[in-house]
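Q: Below is one structure. I have some questions about it.
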Amino acid sequence: SRWQEAGQGCSGLLRDIHSVIQREPFTEHYTLIPGKELGRGKFAVVKKCVEKSSGREYAAKFMRKRRKGQDCRAEIIHEIAVLELASSCHRVVNLHAVYEMSSEIVLVLEFAAGGEIFNQCVAERDEAFKEEDVKRLMRQILEGVAFLHKNNVVHLDLKPQNILLTSNDPLGDIKIVDFGLSRMVSSSQEIREIMGTPEYVAPEVLNYEPISTATDMWSIGVLAYVMLTGMSPFLGADKQETFLNISQINVSYTEEELEQLDKAAIHFIKSLLIKEPEDRSTAENCLKHPWLQTQETDSEKEKWNTSSSIPEPVSTAVSTQSADEDIE
Ligand code: ADP
Ligand code: MG
């Protein structure tokens, strides 16, 4: 059938990869750094390692081929195929090599030394992202997501645990990881599946309605809210309450943390946390949103200021915000 010729299964999984799957032991070429577990999911463990030939650091994602008694090799192959598809995109983590053992497949990934943005999202407000940081990082996230969407890939698990940083201090650039739930979307098929993380999941996923690139855009709205405030907008006391909050779009825009921000930031979030997927902003349009337009450089400010004798304060929004934080 048509979709099989395209190398894509009926469930939106890619089946063809270009990477050479190495069969000799992973440990022949890499040294695992002891005690350095970078992360862990339901079926994967990620460990830091060093390539013996180059001395370079990588993150090795060990994935079990059998999960709950099911053969999941096809899902892992799909994850590899998506990473290959996105290899020219700097906002998506780079895949360096693949090893296959009897019960595991190892993805050797570019090492993102700054860890998850989750850490700054839940940090005390003085260690958390400043609005200017969020703007820059959100622009990068959107660049990555726009690339994926242009290539008909939906991530379906965009959350602070799956957005990593190249470095922490100074704050580096983002890398999108974890394509374990990602799918190919095309007009010829509909995907309806319950998946993702409750707090970040879109209403259509809960209602078993078709999934599209707009499903990721909902998660971007939640992500922006969390990065700016440290608060999860829909999180309830339990899963049921969270799901109810999402399906009723029960979200507060009057939190103190939001009131300190540029009004455009709220408008940005509101353009995404919309029930109807087709009414949400796209990644490309988000990149054009006034909130994310580059700040005037100092020289541009000087240019404006020369016309009047009253000097403008530099970056009003940021200095006001940090002053408020000091009072807190
Ligand atoms: P899972 O599918 O189990 O969630 P992920 O790909 O999200 O697997 O990896 C789990 C965690 O491991 C991530 O949340 C992150 O903390 C860490 N991690 C994954 N990839 C890298 C990487 N390339 N560099 C550094 N840490 C990573
Ligand atoms: Mg993950």
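The values are calculated or read from the model by the stated rules, or taken from the named source; none is laboratory data. Treat the numbers as computed from the prediction; the structure is a model and nothing was measured. Reconstructed Cβ throughout: ideal geometry from the backbone, glycine too, with neighbour counts over all protein chains shown.
Q: Kindly indicate whether any position in the stretch 252-265 is of a type in the set (S, T, N, Q) and closer than 25 Å to Gln140 by Cα.
A: yes
Q: Also: So, Asp133, is that one within 14 Å of ligand 2 (Cβ to nearest atom), of a type in the set (Asp, Glu) and within 22 Å of Gly230 (Cα to Cα) or not?
A: no
Q: For Leu165, are the conditions met, namely being buried (at least 18 other Cβ atoms within 10 Å of the Cβ), out of contact with any helix residue (DSSP H, G or I) (no Cβ under 7 Å at 6 or more places or on another chain) and over 30 Å from Ser11 (Cβ atoms)?
A: yes
Q: Then there's this: Among the residues that make up the stretch 200-214, is at least one of them of a type in the set (Ser, Thr, Tyr), touching a helix residue (DSSP H, G or I) at 6+ places or on another chain (Cβ under 9 Å), under 26 Å from Arg139 (Cβ atoms) and buried (at least 23 other Cβ atoms within 10 Å of the Cβ)?
A: Checking the stretch 200-214: at least one residue is of a type in the set (Ser, Thr, Tyr), touching a helix residue (DSSP H, G or I) at 6+ places or on another chain (Cβ under 9 Å), under 26 Å from Arg139 (Cβ atoms) and buried (at least 23 other Cβ atoms within 10 Å of the Cβ).
Q: Report, ordered by the first and then the second residue, all pairs with beta carbons closer than 9 Å, sequence separation of six or more or different chains, a first member in the stretch 163-180 that is hydroxyl-bearing (Ser, Thr, Tyr), and a second member that is within 9 Å of ligand 1 (Cβ to nearest atom) and in a strand (DSSP E or B).
A: Thr166/Glu110; Thr166/Lys175
Q: Then there is this: Restricting to the stretch 100-133, count the residues that are touching a strand residue (DSSP E or B) at 6+ places or on another chain (Cβ under 7 Å) and basic (Lys, Arg).
A: The qualifying residues number 0.
Q: Is at least one residue of the stretch 281-302 modelled with pLDDT under 95, part of a helix (DSSP H, G or I), under 28 Å from Leu206 (Cβ atoms) and basic (Lys, Arg)?
A: no
Q: Would you pick out the residues in the stretch 153-188 that are among the hydrophobic types (A, V, I, L, M, F, W, C), more than 12 Å from the chain's Cα centre (by Cα) and over 14 Å from Leu142 (Cα atoms)?
A: Leu171, Leu181, Met184, Val185
Q: I would also like to ask the following. The conditions are (1) away from ligand 1 (no atom under 16 Å from the Cβ); (2) over 13 Å from the mean Cα position of the chain (by Cα); (3) part of a helix (DSSP H, G or I); (4) not hydroxyl-bearing (Ser, Thr, Tyr), and Phe129 fails exactly one of them. Which is it?
A: So Phe129 meets the others, but not (3).
Q: Shifting gears a bit: Using the structure shown, decide if Ser102 is under 18 Å from Ile21 (Cα atoms) and either surrounded by fewer than 16 Cβ atoms within 10 Å (Cβ to Cβ) or acidic (Asp, Glu) (or both).
A: Judged against the criteria, Ser102 is a match.
Q: Taking interchain pairs and intrachain pairs at least six residues apart, which have beta carbon atoms under 6 angstrom, with the first residue in the stretch 20-45 and surrounded by 12 or more Cβ atoms within 10 Å (Cβ to Cβ) and the second part of a loop (DSSP other than H, G, I, E, B)?
A: Note: pairs meeting the criteria are His29/Lys52.
Q: Filter the stretch 23-44 down to residues that are in contact with a Phe, Trp or Tyr (Cβ under 9 Å, 6 or more places away or on another chain) and within 10 Å of ligand 1 (Cβ to nearest atom) and give me whichever is farthest from Ile117 (Cα to Cα).
A: That would be Ala44.
Q: Out of the residues in the stretch 168-192 that are farther than 20 Å from Val93 by Cβ and in contact with a Ser or Thr (Cβ under 8 Å, 6 or more places away or on another chain), which is surrounded by the most Cβ atoms within 10 Å (Cβ to Cβ)?
A: So, considering only residues that are farther than 20 Å from Val93 by Cβ and in contact with a Ser or Thr (Cβ under 8 Å, 6 or more places away or on another chain), the one surrounded by the most Cβ atoms within 10 Å (Cβ to Cβ) is Val185.
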